[in-house]
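The structure under discussion appears below in the form of structure tokens.
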Amino acid sequence: MKTTRFGRPAPVAVMALFAASLAFSQSGPTNLQEGFVEVPGAKIFYKDSGGRGMPVVFLHAFTGSADVWEHQIPAFTGAGYRFIAYERRGFGRTVANASGPTSNVADDLLALVNHLKIEKFHLVGTAGGGFVALDFAVSYPQRVRSLTLLCSTGSIQDPDFREATRSLTPEGFDKMPESFRELSPSYRFANPEGAARWSAFESRNRAPEAVRGPAQPSKSSVTLAALEGIRIPALVIAGDADLYAPPALMRRIADRIKGSQFVVIRDVGHSAWWEAPDTFNRTVLTFIAKH
């Protein structure tokens, strides 16, 4: 495992690519296609920039939706990639039949990429989206070009790991405001407007109760031992002020994925992609450009 504290300069060619994507991002928003894909018991909503670039699929947190990637869309499409994000069952505009058949999270993602006629793609999952990313990487490794896992416990099933994660959140923690739990104090102090916008996304991310359907299981048993079988290029990112998945936890996951790169972004919490988008975008673009 290769460990990096953010601040290490990227290769010149990648920095030039990122600079070009940043300039593109400042020229205006990217128009995205929106649609639904039919899966057993649900219609899954997705956004897709289209084009011939290598696809990058983004998986939102439990506090997010396909809308939250506004800082990533122009950076990644500007760098020549095809941006795709979707909303899992229970989130946003995805409609699930509460009495209909269900499926697992990995097979829903598989149905989406098959619908879009995508064979291989880069996969980026944050927080709860990281649960799906690891399940898909274990279940369908042949479809993944690279894996980026960000600020996520990964729904690891090992009893000692689960107990350790539970110990991080004391009684009453889940009654605290989501913004307190998922945004660093530095960000909330320095960027109240950004914190308010994050909270606005969070307040409308859940689908109406009537269309959520049953909770979805994973396809595979995601354990630390299962991670040792992953041979996909992997980037594991931690925020050093993350209350849910601090660097020590994320490092334990990275240690099990052979050849993974481990990066800590300073002074950010559980929503590092939102709090430090330029750092996050540059880190991921540098990584996926190699694969």
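The values are calculated or read from the model by the stated rules, or taken from the named source; none is laboratory data. Everything quoted here is computed from the prediction, not taken from an experiment. When we count neighbours, we look across all protein chains shown, and the Cβ atoms used for this are built from the backbone with ideal geometry, even at glycine. What goes into the accessible areas is simple: the full protein's heavy atoms, side chains included, and nothing from ligands, DNA or RNA. Shrake-Rupley method; radii C 1.70, N 1.55, O 1.52, S 1.80 Å.
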Return the whole-Å distance between the Cα centroid of the stretch 109-162 and the Cα centroid of the stretch 228-291.
14
Within the set 250, 176, 54, GNM on the chain using Cα springs under 10 Å gives the largest fluctuation to 176
Residue-wise, which Karplus ³J(HN,Hα) couplings in Hz belong to the stretch 63-79, taking 6.51 cos²θ - 1.76 cosθ + 1.60, θ = phi - 60°, and x for glycine or proline?
9, x, 7, 5, 7, 6, 8, 4, 7, 8, 3, x, 5, 7, 5, x, 8
Mean-square fluctuation check for the chain, GNM, Cα pairs under 10 Å: which of 215, 245, 42 is largest?
215
One finds, for residue 119 and residue 180 with R0 = 45 angstrom and r their Cβ-Cβ distance, a FRET efficiency to the nearest 0.05 of 0.60
How many percent of DSSP beta bridges within the chain run antiparallel, rounded to 5?
30
Given a Förster distance of 35 Å, report the FRET efficiency between residue 155 and residue 33 from their Cβ-Cβ distance, rounded to the nearest 0.05.
0.70
If amide H atoms are built 1.01 Å from N in the plane of the peptide, which residues on other chains or at least 5 residues away come under 5 Å of the amide H of residue 234?
147, 261
Of every hundred units of 1.4 Å-probe accessible area on the chain, the number belonging to carbon and sulfur atoms, as a percent, is 53
Count neighbours as other Cβ atoms within 10 Å of each site's Cβ, and list the trypsin sites (Lys or Arg not before Pro) in the stretch 162-265 that are DSSP loop with at most 15 such neighbours.
204, 231, 258
What ratio of Cα Rg to 2.2 N^0.38 Å holds for the chain?
0.94
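Indicate the gyration tensor shape class of the stretch 190-291 (rounded, prolate or oblate), computed on the Cα atoms with a ≥ b ≥ c the square roots of the eigenvalues: a/c under 1.5 is rounded; otherwise a/b larger than b/c is prolate and the rest oblate.
Because a/c hits 1.5 or more and a/b fails to exceed b/c, the stretch 190-291 counts as oblate.
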In Å², and per residue, what accessible area does the chain have when probed at 1.4 Å with the other protein chains present?
43
What does a probe at residue 221 reach in the stretch 158-202, counting residues whose amide N is under 17 Å from the point 7 Å along Cα→Cβ?
158-163
Averaged over every viewing direction, what's the projected area of the C-alpha convex hull for the stretch 127-237? Give it in nm², one decimal, please.
9.1
